Structures are given as structure tokens and as C-alpha cells.
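Quick notes on the structure that follows.
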């Protein structure tokens, strides 16, 4: 396994692989890798001859007061995990490589970014779209692998790739969960024992929603109200949003249609903000 930190070196490597007709699979991460990330690596290895993982905590997707400085990092362990999983290249640029002096370009999507996560974190998706564009230009992948846990992000990345004519495929892989149902996330590391127990309310809410769907309930407002009331019973939980949306475009809906709906949740457990979702 090789670690690359320079943009020109990464691009040269990508060009070599493409000239050799080797398919490049790309897994973008912010590090502190867990089984969710590694499941994406496994999928990349199944479908591509060369697998690149980026490890870069992107400052432009964090707002003031968010957890940029305390976001968990363990580069040495990340490299060990990547090597164990058969990664070929770890692209780990420094900030001055990705955002050199004089950098002033931001990618902004008008519609998909203004709601849900966009309401809670207004500048977040501009930062995501910008860094993803830069990483695609550096790594030049044939397929990029993203996790379903960041559902809105995956839709935005798909739209970005289509709108900017990137010659690549976006593959969204299923959520990987811990033993009791909590969606794997680097931010789970912030949770105390009591908070980790309280965080299970997100998965319990998803299970409740699935039960309501099986019972034939289709009134979106009524389902959302019941789910909000359910989560609110957990003393450590503070709901930011619980929403049922059209899964293809995140448009608001009034009636739930099985096979076409996604449930999205953002809940604070203590000081830790967690997100989850389920296709219904």
C-alpha cells in the first residue's frame, strides 16, 4: 500500500492506471475508519482493480462552532485498517494541497441542499460538493462508493456528478449497523455509555415506522408526529428533524408510497448530533 499526499502524484498515478485500462474504485472518507467505511472498501475491491481511499478532514464542510477541531482522528490506525483490507492507495492531502493560498471557488447546488441537513448546517453541502469535486479531479475514479447513512449527501453527489459531466458512477452502499442497531459513525465515539444507550432511540423509531407502514398507515403528517413523540420520550434526545420524503429527490410528500419513500432522522443525543435513515 502506498500513501500519497501530493495532488500531482495522485493525478499521475490515476492517469497510469487509466492508461493501463485498470478500473479505479474510490472511497472518500474523513478518517477514523470503522466497519461502515471498510464495507465500502470491500465493495470497491469486488468491482475495481485499484482501490483508493482518501483520508481528509475537510474544514469547509464544518460551520463555526461545529466539531472540526475535536473530530476524531487516528491516522496510524486508519492506515493499518486500509492495509488489512487490501487498499492500494491512501490519498491523504494536507489543507494547503486542497485549499492553497488564493483559493476562492465553491460548488453550490440550489435545490437539494437547502432543506433537512441544509437547514441545520447551512454551509455544509457547499463544502461537501467542493471537496468531492476536487477529490474526483485528483483520483479520477471509475466508480465512487458512498454510504447510505448520509442519504441526502449521496443524492447531492449523484446530482453533482451528473451536472458537471464527471465520467464516473456513484454507488451507494447499505448502512452498516452496530449490534443493537445504531448506525456506525465516527461521531459515535463522542457518546458516553448512557448516551450510547439513549442513541438507540433512532433505530427504535425506524422500527416503529416500519411497523406503521406494515399496518397500512400512509398519512405522512400523522406518522411523523407519532415518531417525533416517540423519540421525545427519550430524555437525552433532542429532535432536529424526522421527515418522510420522496427517496428520489427528497421532495415533501403527504402520502407514503411503499418503495418510493425514505425516512430521515437527525437527533442530538447530549451534545452529539446523529443521523440515520431507512428506505420504506
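The values are calculated or read from the model by the stated rules, or taken from the named source; none is laboratory data. Not measured: the values here are computed from a predicted model. Don't worry about glycine lacking a Cβ; one is built from the backbone with ideal geometry, like all the others, and counts go over all protein chains shown.
Computed quantities for the displayed model
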item: Residues (farther than 14 Å from residue 91 by Cα and in contact (Cβ under 8 Å) with a residue 60 or more places away in the chain) located in region 18-32; result: 18, 23, 32
item: Answer residue from region 258-274, given it is outside any strand (DSSP E or B) and in contact (Cβ under 8 Å) with a residue 24 or more places away in the chain and is surrounded by the most Cβ atoms within 10 Å (Cβ to Cβ) among those; result: 270
item: Counted residues, region 94-106 - those being over 21 Å from residue 52 (Cβ atoms) and surrounded by 10 or more Cβ atoms within 10 Å (Cβ to Cβ); result: 2
item: Checking residue 204 against (1) at pLDDT below 95; (2) touching a helix residue (DSSP H, G or I) at 6+ places or on another chain (Cβ under 9 Å), the condition it does not meet; result: (1)
item: Sole residue being touching a helix residue (DSSP H, G or I) at 6+ places or on another chain (Cβ under 9 Å), within 19 Å of residue 144 (Cα to Cα) and surrounded by fewer than 19 Cβ atoms within 10 Å (Cβ to Cβ), chosen from 49, 35, 16; result: 49
item: Among the candidates 175, 170, residue that is at pLDDT 95 or above, surrounded by 17 or more Cβ atoms within 10 Å (Cβ to Cβ) and farther than 18 Å from residue 50 by Cβ; result: 175
item: Single match in 191, 155 (criterion: surrounded by 19 or more Cβ atoms within 10 Å (Cβ to Cβ) and either in contact with a helix residue (DSSP H, G or I) (Cβ under 9 Å, 6 or more places away or on another chain) or under 13 Å from residue 28 (Cα atoms) (or both)); result: 191
item: Hits in region 68-93 (condition: surrounded by 14 or more Cβ atoms within 10 Å (Cβ to Cβ) and part of a loop (DSSP other than H, G, I, E, B)); result: 68, 71, 72, 73, 74, 87, 88, 92, 93
item: Qualifying residue in region 221-237 (condition: surrounded by 15 or more Cβ atoms within 10 Å (Cβ to Cβ) and under 19 Å from the mean Cα position of the chain (by Cα)); result: no
item: Pairs, first assigned by TED's automatic domain parsing to the domain that holds residue 81 and without any contact (Cβ under 8 Å) to a residue 12 or more places away in the chain in region 47-69, second assigned to a helix (DSSP H, G or I) and surrounded by fewer than 20 Cβ atoms within 10 Å (Cβ to Cβ), C-beta under 6 Å, six or more apart; result: 68/59
item: Residue match in region 94-101 (condition: under 16 Å from the mean Cα position of the chain (by Cα), assigned to a loop (DSSP other than H, G, I, E, B) and at pLDDT 95 or above); result: no
item: Residues of region 241-257 classified as surrounded by fewer than 17 Cβ atoms within 10 Å (Cβ to Cβ), assigned to a strand (DSSP E or B) and in contact (Cβ under 8 Å) with a residue 40 or more places away in the chain, total; result: 1
item: Among the residues listed as 245, 268, the single one being modelled with pLDDT of 95 or more, touching a strand residue (DSSP E or B) at 6+ places or on another chain (Cβ under 8 Å) and either outside the structural domain of residue 203 (by TED's automatic domain parsing) or over 16 Å from residue 150 (Cβ atoms) (or both); result: 268
